[in-house]
Amino acid sequence: MKIFLVISLLLLVPSVGAQQVGLIANTDSRKTISLDGQWQAIVDPYESGFYDYRYRPSDNGYFKNAKPKSKSDLIEYDFDKSASLKVPGDWNTQSEQLFFYEGTVWYKKSFDYQRRPNTRLFVYFGAANYQADVYLNGQKVGQHEGGFTPFNFEITNLVQTNGNFLVVKVDNKRRRDAVPTLMTDWWNYGGLTRNVKLVETPATFIHDYSIQLQPGFRDRIGGFVKLSGDKLNQRITVRIPEPGISKSFTTDRNGVAVIDFNAELKLWSPDNPKLYEVIIEAETDHINDQIGFRSVETRGVEILLNGKPIFLRGVCIHEEAPFRGGRAYSREDAQTLLGWARELGANFVRLAHYPHNEFMIREADRMGILVWSEIPVYWTILWENPPTLENARNQLSEMIARDKNRAAVVIWSVANETPLSNARLSFLKNLITHARSLDRTRLISAAMERHYINATTQMIDDPLGEYLDVLGCNEYVGWYDGLPDKADRLEWKSKYQKPLIMSEFGGDARYGHHGDPLTRWTEEYQENLYRHQIAMLKRIPFLRGASPWILMDFRSPRRPLPNIQDYWNRKGLISNRGEKKKAFYVMQQWYRERE
Ligand code: GCB
């Protein structure tokens with residue numbers, strides 16, 4: 001038992017090398033200065049603010065924020081006379097001219113800052129889609145790739161008391177070798193899409209921590225606390241005031257303390273989403289968080305939450321803002337979307353197809369909604385390109401780094417509908433191993449491939465299934481695959497003794513468009529499709545969850561049909577204006593029966 005414990009504790013501690021420039025955990029509990037609001041912005045389709053006319057990176061790019069020194073000086077840009085864009089927010093929905101724009105926009109924000117002794121300062125971005133090059137006072141501080149995960153750069157030695165200018169080049173050009181790749185079914189909203197802030201920390205500070213129930217236990221907490229700075233050898237105390245827990249540990253020379261103690265706690269669940277205040281005290285820093293404790297595991301085809309079988313009554317959600325459209329970014333957006341999921345009867349959401357903003361996860365934690373979180377390894381990724389794998393691994397690390405202390409998150413998903421090949425399998429196996437090395441406390445899934453073995457039998461034998469804890473399958477019987485009643489004749493088989501979540505199914509309907517149940521795009525067609533789907537799903541013996549596609553209509557460049565789609569994927573159970581379609585109530589009815 002002891003050996004098992006030591007091994008499982010070691011597995012909870014990520015390799016220190018990978019953490020060196022890592023994300024600062026839980027910046028909300030620190031002194032921060034928001035940089036949200038209007039930023040000056042220059043649209044730069046030819047990237048002439050970056051390259052000279054020979055297409056070489058220029059020393060005098062827009063990041064210098066230059067001003068003419070005399071009336072004869074030639075400078076061809078001026079941030080302060082340019083238009084502004086709101087941060088957080090995508091640029092596409094802020095200006096008609098930028099609606100379809102994919103390329104570079106330069107952002108600039110000025111600020112003053114009074115530095116205090118023995119502190120460090122970081123600039124933190126909730127997300128920037130897709131690539132961000134960050135400069136402070138004309139100096140490069142870093143680059144980040146990936147549109148949906150947070151990142152931070154230290155600016156302690158660059159910041160001045162007055163007149164700082166922070167310039168960010170954000171480029172959302174799609175690339176074949178990127179993650180996601182060229183083809184997706186969602187809008188490529190560009191920009192500084194989530195909150196931006198300055199984060200102040202002590203010289204040596206709590207950089208990261210994981211405090212969760214240990215795998216295989218419901219009364220034992222494990223994890224790590226990691227310091228960053230010069231004074232790496234410190235005593236750390238973890239306190240949970242409500243049950244009177246206070247446990248001390250010592251960090252090693254890398255600044256890492258392994259956490260391990262017994263605790264009798266009320267477990268977090270959808271019925272009782274209990275969060276405890278957890279305080280971590282070091283000699284030079286302290287931090288607090290609200291953490292829920294629950295176990296999740298599988299046994300045969302069961303998913304067990306706190307040791308008891310659970311059926312995941314779910315729904316998929318894109319990070320599309322209700323009512324106003326564009327990227328969702330606020331707590332109110334999260335409350336609206338998760339509120340609708342709750343109304344549907346859901347205890348589970350699949351946050352597709354990339355990590356959503358942190359408000360979604362925090363609200364899910366508070367509301368008791370289980371979460372499947374995924375990275376945008378979607379469709380036809382360049383499986384054989386090592387930098388693409390590195391990029392996907394990094395996005396996975398950043399997703400886990402941000403949300404590893406959230407009880408709501410029970411599933412990390414590594415891929416969506418990726419076509420079978422050896423290269424794909426080894427790429428995804430690599431991601432799975434990586435996810436497990438960063439987090440032993442959650443289940444791993446993916447939306448896999450499945451196929452017909454005869455006219456009426458769907459077979460799940462994608463080789464990826466062997467490496468997953470939970471099988472995910474997307475199917476569009478009744479929409480891309482036959483008519484709704486085809487589902488009545490279908491049988492599902494699986495090669496694996498594992499739980500299945502039907503991670504997508506559905507069809508399009510424009511809200512308010514009516515007709516008979518066999519007329520495409522009508523609410524009646526969609527309603528009918530859901531009835532046949534549900535009857536089929538009920539017959540799958542190893543089904544342990546469902547997440548229909550999708551809660552709300554979302555923008556997609558692939559969907560131009562005039563007067564019906566108008567660049568919206570209309571598979572929402574709710575329209576983008578918040579109107580519930582007939583199918584919503586069919587699904588709700590099923591979930592009520594399953595409660
Ligand atoms: C899928 C994809 C999803 C699409 C959906 C559709 O299988 O996973 O991203 O939006 O189908 O509507 O076709």
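The values are calculated or read from the model by the stated rules, or taken from the named source; none is laboratory data. Here the structure is a predicted model, which is why all the values come from computation and not from measurement. Positions of Cβ are generated from backbone atoms using ideal geometry, with glycine treated the same way; all protein chains shown enter the neighbour counts. In case anyone asks, the SASA skips ligands and DNA or RNA and just uses the protein heavy atoms, side chains included. Shrake-Rupley method; radii C 1.70, N 1.55, O 1.52, S 1.80 Å.
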*Let me know the shape class of the range 67-169, please: from the alpha-carbon gyration tensor, a ≥ b ≥ c as square roots of the eigenvalues, rounded when a/c is under 1.5, otherwise prolate if a/b is greater than b/c, or oblate.*
oblate
*Starting at 0 and stepping by 10 Å, how many percent of the alpha carbon pairs of the range 218-287 end up in each bin?*
19, 47, 25, 8, 0
_Between the range 122-142 and the range 270-345, how far is it from one alpha carbon centroid to the other, in angstrom?_
29
*To the nearest 500 deg cm²/dmol, what mean residue ellipticity at 222 nm is calculated for the chain from DSSP H runs of n ≥ 4 alone, each contributing -39,500 (n - 2.57), summed and divided by the residues?*
-5500 deg cm²/dmol
*Relative contact order of the chain, pairs being alpha-carbon contacts under 8 Å that are 6 or more residues apart, as %*: 12
*Under a cut-off of 17 Å between alpha-carbon atoms, report the aspartates and glutamates in cross-link reach of residue 266, not counting same-chain residues fewer than 8 places apart.*
219, 242, 277, 289, 365
*Calculate the radius of gyration of the Cα atoms of the range 306-360 to one decimal place, then report Dmax, the largest Cα-Cα distance, as a whole number, both in Å.*
12.2, 41
*Principal axes of the range 140-231: Cα extent on each, largest first, Å*: 47, 44, 21
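Excluding ligands, DNA and RNA, what is the solvent-accessible area per residue of the range 136-252 at a probe of 1.4 Å, expressed in Å²? Mind dumping the intermediate values first?
Numbers: 3950 Å² over 117 residues.
Accessible area per residue: 34 Å².
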*For the range 364-408, what is the Kirkwood estimate of the hydrodynamic radius, computed as the reciprocal of the mean inverse distance between distinct Cα atoms, to one decimal in Å?*
12.2
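Take every DSSP beta bridge with both residues inside the range 386-542 and express the antiparallel ones as a percent of the total, to the nearest 5.
Values: 3 of 19 bridges.
Counting DSSP beta bridges with both partners in the range 386-542, the antiparallel share is about 15 percent.
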*Only helices at least 18 Å long along their axis, Cα-based, and averaging 1.0 or more on Kyte-Doolittle count here, so list those DSSP H runs from the chain.*
none
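Can you pick out the pairs among 69/108; 274/571; 169/197; 226/429 whose Cα atoms lie more than 24 Å from each other? Don't jump to the answer; show the numbers that get you there.
On the way: 69/108 20 Å; 274/571 34 Å; 169/197 17 Å; 226/429 28 Å.
Exceeds cut-off: 274/571; 226/429.
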*On alpha-carbon atoms, Rg over Rh for the range 454-595 using Kirkwood Rh?*
0.98
*Square roots of five times the Cα gyration tensor eigenvalues for the range 350-455, Å*: 25, 17, 11
*Which length gain, in nm to one decimal place, applies between residue 330 and residue 436 when the Cα-Cα distance is subtracted from 0.36 nm times their residue separation?*
35.1 nm
*Have a look at the DSSP beta bridges in the chain and tell me what percent are antiparallel, nearest 5.*
70
_To check my understanding: the extent here is largest minus smallest coordinate of the Cα atoms along each principal axis. What are those three numbers for the range 267-392, in Å, largest first?_
45, 42, 42
*What is the packing order of peptides 472-483, 358-369, taking the mean over residues of other C-beta atoms within 10 Å and listing the highest first?*
358-369, 472-483
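The range 366-521: Rg/Rh from Cα coordinates, Kirkwood Rh?
The Rg/Rh ratio comes out at 1.02.
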*Spatial separation of Cα centroids for the range 419-488 and the range 183-241, in angstrom*: 31
*Share of Cα-Cα pairs in the chain beyond 35 Å, in percent?*
40
_Which residues among the range 177-194 fall inside the zone where the amide N is under 17 Å from a point 7 Å beyond the Cα of residue 385, along Cα→Cβ?_
177-184
_Cα-based Rg of the range 413-495 normalised by 2.2 N^0.38 Å, two decimals_ = 1.23
